[in-house]
Every structure is written in C-alpha cells, then in structure tokens.
C-alpha cells in the first residue's frame with residue numbers, strides 16, 4: 001500500500017538540473033505516478049515551499065534513509081521494504097527509456113509539481129505554471145525548443161513571483177504631503193487642517209548653499225568716516241564705501257605712521273611689493289611668467305623722478321627684476337636725488353635691471369608695460385623741466401599701457417590706464433583710469449589719531465579695485 005511509506009525519509013536524485021531532494025514522504029499517487037515530500041531540502045538548502053511533488057520519469061535515483069514501520073512490515077510479510085511499488089512500475093519501468101534518451105532527459109523541463117494548500121491566493125498561478133511545464137514536457141521529447149525565459153529562469157524559481165505587485169495600492173499608502181511636511185520641520189498630519197499661510201509662517205527660514213545660517217548683524221557699508229571729505233567717493237567690489245581725503249590729511253596720516261615706527265624705508269618696501277604684484281598680474285601672471293616661456297619675457301619701462309614717488313617706482317622695479325622681468329629704469333642723473341632714491345637705486349643696481357638717464361636710450365617699439373613715477377606731490381614745477389617733458393612725451397607716444405603709482409592731485413601729464421593709490425585715495429583731477437587701492441600697513445589707531453574712523457576694506461587682499469560712486 002502507498003500509505004505504508006508515509007513518513008519515511010527519502011533522498012531523490014533528479015539529475016544535475018533539478019538537483020537532489022531530501023524529505024519525508026507525504027503522499028504516493030499510483031494513478032499519476034508521483035511522490036510528494038514535505039518540508040523538503042534541495043541540495044542541502046531548505047526549500048521555500050512546504051511540499052514538493054515529483055514525477056516518476058524525472059527521478060534518477062531514490063534512496064531510503066529512514067523507513068517507517070519496517071520491522072512490522074517484514075514480520076507481517078507485507079512486501080519488501082526496499083522501494084514503493086509505483087517506483088517499480090514507474091522509474092524501473094522507464095529505465096530503458098531513460099537509458100536510450102539520456103541526452104534528452106538531461107535537458108528535459110522541470111517537472112516538479114507543487115501542492116498548494118486550498119484557498120491559497122497563488123493556486124491559480126501554480127496550476128498555470130504546472131500546466132505550462134507539463135505541456136512542454138508532454139509535447140514530445142523532440143518538440144519545440146524551450147523559450148529563453150525557461151532556459152534562464154525556469155529552474156528553481158519561486159512560484160510566489162507569479163503574483164503581480166500592486167503598484168497603485170502600495171503608492172496609496174505613501175502620504176506625500178506628510179513626508180514633505182516633516183522635511184520642512186512641521187508636525188506632519190496635524191498641519192493638514194491649517195491654512196497654507198499658517199504653515200508657511202511655522203516653517204523655519206531656509207537658506208541657500210552660499211548663505212550664512214548664523215544670525216548676524218546687518219552690514220554697515222560706510223565703515224570709514226573722515227573729518228575732511230574729498231570731492232569723490234569710491235566703493236569696493238563688496239559695496240564698502242571708501243571716501244577720498246585731501247592731500248594735507250594724507251600727509252598728516254603718513255607723518256603719524258612714521259612717528260609710530262612705519263618709516264619711509266618700510267613704506268617703500270611695502271609699496272614696492274604690492275605694486276610689483278599688481279604689475280605681474282597686469283603682465284599676464286602665470287600664463288606669461290613660467291619656465292617654458294623664457295623666450296618671451298615681458299619688458300617693463302620705469303619712468304622715475306628724483307623724489308619719494310620715484311623711489312617707490314625703483315622699489316617696484318627691483319621686485320619685478322627679481323621675478324625675471326626685463327626692467328629698464330629711466331632716472332635723470334644730472335639732478336639732485338633724495339636719499340631714499342639713492343638708497344633704492346643702489347639696491348636696484350644689484351639686479352639684472354638696466355638703468356638709463358636719457359629718453360633716447362629707451363626702446364622705440366611698444367613694450368609690455370610702462371610704470372609712471374615722474375610726478376611729485378611736493379614739487380609740481382618738475383613738469384616744466386625738459387627731461388620730464390621728453391619722458392612724458394615718450395610714454396604718450398608709446399602704445400604700451402601705463403600704470404601710475406601714487407600720482408598727485410593735479411591733472412596728469414601721462415595718460416594712465418591704471419592708477420594705484422596708497423592707504424586712502426586722493427581726489428584725482430580728471431582721472432579716467434581704473435583706480436586701485438594699496439594697503440601700506442598703517443594701523444587702525446594711527447588713522448584714529450588724525451580723526452579717521454577706519455575699518456580695513458581690503459579683506460584678504462593687499463590691492464583692491466575701487467569703483468566711483470556717482
């Protein structure tokens with residue numbers, strides 16, 4: 001009887017494709033030539049289904065590991081405890097066929113029949129899968145070739161995947177408004193009944209990526225106040241107002257700084273570094289000055305007078321020459337020079353720069369940059385001398401751009417493209433050039449001594465551009 005084998009532990013080898021199954025016999029059906037195992041294992045791994053049914057023609061080998069009531073069966077003489085009777089009629093009856101069609105058996109479709117509990121929502125899908133697989137198997141050993149889906153996914157797949165996923169039902173569970181209200185910092189469902197204006201008021205202020213999230217005081221753009229206003233006002237790129245000061249107040253500021261230790265020597269060095277850095281940027285910076293471009297060194301002409309402004313130009317030329325710029329210094333030798341000029345010229349002579357005393361020695365072709373330091377704040381009569389007029393005429397004829405360093409308030413003879421002022425700008429007359437401001441290192445309390453309320457507008461730089469406030 002088929003019931004005699006119920007509960008026996010068996011091992012069923014279904015070949016390389018289906019694998020080896022172990023489990024307890026739960027049903028033996030002589031009519032359909034099938035055997036079912038409960039709580040099965042496939043290749044040592046627990047199967048996801050509670051029961052698996054096998055057809056006799058797919059069983060390669062069947063071994064009993066634990067036979068129930070074996071002793072009782074033998075003592076009562078009710079047959080042999082070697083194998084079920086349907087196996088004798090099924091698997092052994094098909095042995096010749098399996099031998100002759102061994103090649104076909106290895107590629108036969110899966111014939112595992114799954115027993116689905118009554119009332120299961122997946123029963124229709126399982127029955128459909130069984131019919132489809134049996135149809136392919138019974139369509140003939142040499143019937144149509146299986147589809148690519150069966151070849152790739154037909155073996156060992158989970159029948160639960162036959163149920164379609166309910167996208168609409170799952171999406172209905174997602175409360176989009178509640179999630180976004182939580183992201184915005186509100187209380188989710190409790191705010192649904194509130195009007196949108198109330199919700200907007202409850203939301204914290206949002207910031208852009210480039211905004212400071214810390215609360216700060218409002219920006220005061222007029223941070224520099226002077227007792228004597230000039231005729232012009234400028235502003236920086238960030239909007240800070242920089243007023244002009246008269247030359248008398250500028251002179252008092254320099255004297256106060258010198259009293260506290262900011263001597264002329266120290267100012268000359270600071271001005272030379274800042275002005276040379278600006279000149280290097282105007283010449284092209286790293287695009288022009290690099291080891292691979294040594295055959296195109298920039299040429300800079302320095303036009304200097306025998307005064308403090310001329311000494312500032314010589315200091316700038318020394319730093320430019322140290323950066324492999326070809327510098328030609330024009331300085332008249334037949335006039336009396338200040339001590340500061342003589343000291344700077346002596347230091348400049350130790351560089352690769354060239355010094356000339358006549359305009360005729362200057363190049364006739366255009367150069368890269370002309371730096372003008374001919375004018376003096378204290379001696380405007382220099383403009384009447386012949387050496388000054390000839391140097392100014394040469395600069396205006398040459399098509400090179402001009403940078404003027406610390407020019408006086410009076411109208412300029414040499415037309416400059418850029419102008420560099422020191423500390424605070426002067427109200428330059430008829431100045432149409434681009435104005436820059438240089439930090440020469442005057443402390444904040446020194447400004448206060450001369451009546452200037454000062455906050456540095458330079459930020460992280462030592463030279464900044466200024467824009468005229470209309």
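The values are calculated or read from the model by the stated rules, or taken from the named source; none is laboratory data. Source: prediction; values computed, not measured. Methodologically, a virtual Cβ is constructed for each residue, glycine included, from the backbone with ideal geometry; neighbour enumeration extends over all protein chains shown.
Key figures
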| read-out | value |
| --- | --- |
| Test: residue in region 249-271 that is touching a strand residue (DSSP E or B) at 6+ places or on another chain (Cβ under 7 Å), at pLDDT 95 or above and farther than 23 Å from residue 363 by Cα | yes |
| Matching residues in region 338-357 - criterion: being in contact (Cβ under 8 Å) with a residue 24 or more places away in the chain and outside any helix (DSSP H, G or I) | 338, 351, 352, 353, 354, 355, 356, 357 |
| Selection within region 30-59 - surrounded by 15 or more Cβ atoms within 10 Å (Cβ to Cβ), over 59 Å from the mean Cα position of the chain (by Cα) and touching a residue at least 40 places away in the same chain (Cβ under 8 Å) | 33, 34, 35, 36, 54, 55, 57, 58, 59 |
| Conditions (1) farther than 16 Å from residue 409 by Cα; (2) at pLDDT below 90; (3) in contact with a helix residue (DSSP H, G or I) (Cβ under 7 Å, 6 or more places away or on another chain): number failed by residue 228 | (1) |
| Residue in region 439-453 that is within 19 Å of residue 253 (Cβ to Cβ), part of a strand (DSSP E or B) and either in contact (Cβ under 8 Å) with a residue 12 or more places away in the chain or in contact with a helix residue (DSSP H, G or I) (Cβ under 9 Å, 6 or more places away or on another chain) (or both) present | yes |
| Lone qualifier among 360, 365 - being farther than 20 Å from residue 429 by Cα, free of Cβ contacts under 8 Å to residues at least 12 places away in the same chain and within 49 Å of the chain's Cα centre (by Cα) | 365 |
| Single condition residue 191 does not satisfy, out of (1) out of contact with any helix residue (DSSP H, G or I) (no Cβ under 7 Å at 6 or more places or on another chain); (2) surrounded by 10 or more Cβ atoms within 10 Å (Cβ to Cβ); (3) modelled with pLDDT under 75 | (1) |
| Subset of region 402-441 [under 41 Å from the mean Cα position of the chain (by Cα), crowded, with 22+ Cβ neighbours inside 10 Å and more than 15 Å from residue 463 (Cβ to Cβ)] | none |
| Residue among 397, 350, 389 that alone is surrounded by fewer than 23 Cβ atoms within 10 Å (Cβ to Cβ), within 21 Å of residue 297 (Cβ to Cβ) and in the same structural domain as residue 272 (by TED's automatic domain parsing) | 350 |
| Any hit, region 308-321, residues being modelled with pLDDT of 90 or more and farther than 21 Å from residue 440 by Cα | yes |
| Flag for residue 218 being in a loop (DSSP other than H, G, I, E, B), surrounded by fewer than 16 Cβ atoms within 10 Å (Cβ to Cβ) and at pLDDT 80 or above | no |
